[in-house]
Amino acid sequence: MSSPANRGVVFRGAGKVAVESIPFPELALGNRQCQHGVILKILTTNICGSDQHMVRGRTTAPEGLVLGHEITGEVIECGRDVEFIKVGDIVSVPFNVACGRCRNCRRGDTHICLHVNESRPGGAYGYVDMGGWVGGQAEYVMVPYADFQLLVFPDKAQALEKILDLTMLSDIFPTGFHGCVTAGVQPGSTVYIAGAGPVGLAAAVSAQLLGAACVIVGDMNDKRLEQARSFGCEGLDLKQDASMPELIESVLGVPEVDCAVDAVGFEANCHGHNHTHEQPATVLNAAMEITQAGGRVGIPGLYVTEDPGAASDEAKHGNLSMKFGLGWAKAMSFHTGQTPAMRYQRQLMQAILHDRVQIGKAVNVQTISLDDAPQGYADFDGGAAKKFVIDPHGTLGSASPRAVS
Ligand code: NAD
Ligand code: ZN
Ligand code: ZN
């Protein structure tokens, strides 16, 4: 019997992605047997700012990499050792690959699992240096350690109805939430979120969910700022030539916030009239300037060890010009790293299912076909105020009109 077909989004060098035939997944990765895994028929798979770093040639991602780490799907095959997940379950896949057995997984730090990546702690699907797990911007994908990793949606019909919200559980909703939790957001907090991309908007929704008094979202992209304002945030236009404390004061009456979240990362642009120029440490420095002494900065924005496209030799190796002394003098804390998505998935799923949040609407979901993925990448790179969700089998139709723009 010939194996079924599969197609996926493949990185083909800086600025290029293509939809190609790729192997149908097996319950194995190279020589490694994955009888603890399942095969998913993918229902939704989202394009992420993290993918863009690779596609823009700002990482050492190899050509031929199948992209995609934000995966929601239906289980169509279970490995021999899978005990609790069943064929037919609709599941969200946390983007971190995690074994559930190592000391880091045991304490809930699934983003730095010790068993899924030979070169460093932490694995992910379809990502450079993250263990070689095949990405899920495809029709089918293999997910290992299924009993440990997968979040099963309790009701299939309800899951399909809310799929454009639930699809954000694989990464950006937990990531925005983690950014806020690690920044210490509480009821009544004033919060600055750098970046009005999907992660920044997810952080803004999360800050509201956590009870923040005022959520300020800064960016240079007018449409994205408008999107932030659409659900009650203050949109701060960073094209203005004023200092960050002055800009914050213009909103709050005081030049500082309680908590800050960096939802931009190393491809950050300068503030003010130089806003088309990159300055990788600018968000970190701004956060140190405007956050209260003793405050915390959540840093979901991604920073790399190697950046072949960086403007300076230092930045090419991840060395940034940080005002670390300022942060030290203000006794600040910084929380970096990938998000342990699993830690937040269940609660955030409940918040969606009980209509406490409309994350799909907040990030302005647009569904596209697999064939349209290259255009989705281009539009997202151009700063569209949208979160692109690929519907690889054309199963959604108008699944959730409320969330589609
Ligand atoms: P994105 O590229 O769509 O959004 C980034 C936004 O930042 C853009 O709108 C851009 O205009 C804006 N920006 C640039 N310079 C700025 C500055 N100085 N101040 C404020 N805004 C500025 O990306 P995204 O999908 O929203 O993701 C954001 C970051 O989060 C990326 O670095 C991504 O890799 C990272 N990420 C991390 C995790 C994690 O687990 N930690 C998970 C998902 C995404
Ligand atoms: Zn992502
Ligand atoms: Zn582990």
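The values are calculated or read from the model by the stated rules, or taken from the named source; none is laboratory data. Since the model is a prediction, treat every value here as computed from it, not as a measurement. Cβ atoms come from the backbone with ideal geometry, glycine included; neighbour counts cover every protein chain shown.
Miscellaneous remarks
- Residues that are at positive phi, surrounded by fewer than 22 Cβ atoms within 10 Å (Cβ to Cβ) and modelled with pLDDT under 95 are absent from the stretch 61-84.
Results for (1) within 15 Å of ligand 3 (Cβ to nearest atom); (2) in the same structural domain as R32 (by TED's automatic domain parsing); (3) free of Cβ contacts under 8 Å to residues at least 24 places away in the same chain, shown as yes or no for each residue.
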| site | (1), (2), (3) |
| --- | --- |
| S92 | no, yes, no |
| C105 | yes, yes, no |
| C113 | yes, yes, yes |
| P121 | yes, yes, yes |
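- Residue check, A138 small (G, A, S) and within 16 Å of ligand 2 (Cβ to nearest atom): yes
- Just one of the listed residues (C105, C48) is farther than 25 Å from T367 by Cβ and surrounded by 24 or more Cβ atoms within 10 Å (Cβ to Cβ), and it is C105.
- Positions within the stretch 268-319 being β-branched (V, I, T), surrounded by 19 or more Cβ atoms within 10 Å (Cβ to Cβ) and not in a helix (DSSP H, G or I), in sequence order: T291, V297, I299, V304
- When G73 is tested against the conditions (1) free of Cβ contacts under 8 Å to residues at least 60 places away in the same chain; (2) touching a Leu at 6+ places or on another chain (Cβ under 8 Å), the lone failure is (1).
- Single unsatisfied condition, R224 versus (1) under 30 Å from C105 (Cα atoms); (2) in a helix (DSSP H, G or I): (1)
- Cβ-Cβ distances below 6 Å connect the following pairs, each with a first residue in the stretch 214-238 that is crowded, with 24+ Cβ neighbours inside 10 Å, a second residue that is assigned to a strand (DSSP E or B) and of a type in the set (D, E, K, R), and a separation of six or more residues or different chains: I216/E234.
- Any pair with Cβ under 9 angstrom, 6 or more apart, that starts in the stretch 45-58 at a residue that is under 21 Å from V141 (Cα atoms) and ends at one that is at pLDDT 95 or above and within 16 Å of ligand 3 (Cβ to nearest atom): C48/F95; S50/F95; S50/A124
- The numbered conditions (1) under 13 Å from I163 (Cα atoms); (2) surrounded by fewer than 23 Cβ atoms within 10 Å (Cβ to Cβ) are all true for V389 except (2).
- Some residue of the stretch 97-118 being within 28 Å of L396 (Cα to Cα), within 16 Å of ligand 2 (Cβ to nearest atom), of a type in the set (S, T, N, Q) and within 18 Å of the chain's Cα centre (by Cα): no
- Within the stretch 175-216, the residues that satisfy the criterion of being of a type in the set (V, I, T) and in contact with a Cys (Cβ under 6 Å, 6 or more places away or on another chain) are V185, T190, V191, V215.
- For first residues located in the stretch 320-336 and among the aliphatic types (A, V, I, L, M), partners that are in a helix (DSSP H, G or I) and lie 6+ apart or on another chain with Cβ distances below 6 Å form the pairs M322/L284; L326/M288.
- Search result, residues across the stretch 123-142 that are within 15 Å of S170 (Cβ to Cβ) and within 16 Å of ligand 3 (Cβ to nearest atom): G123, A124, Y125, M130, W133
- Qualifying residue in the stretch 260-278 (condition: touching a residue at least 24 places away in the same chain (Cβ under 8 Å), over 26 Å from R229 (Cα atoms) and under 23 Å from the mean Cα position of the chain (by Cα)): no
- Single condition Q350 does not satisfy, out of (1) of a type in the set (S, T, N, Q); (2) buried (at least 18 other Cβ atoms within 10 Å of the Cβ); (3) within 14 Å of T167 (Cα to Cα): (2)
- Tally of residues being within 16 Å of ligand 1 (Cβ to nearest atom), assigned to a loop (DSSP other than H, G, I, E, B) and within 20 Å of V38 (Cα to Cα) across the stretch 84-121: 6
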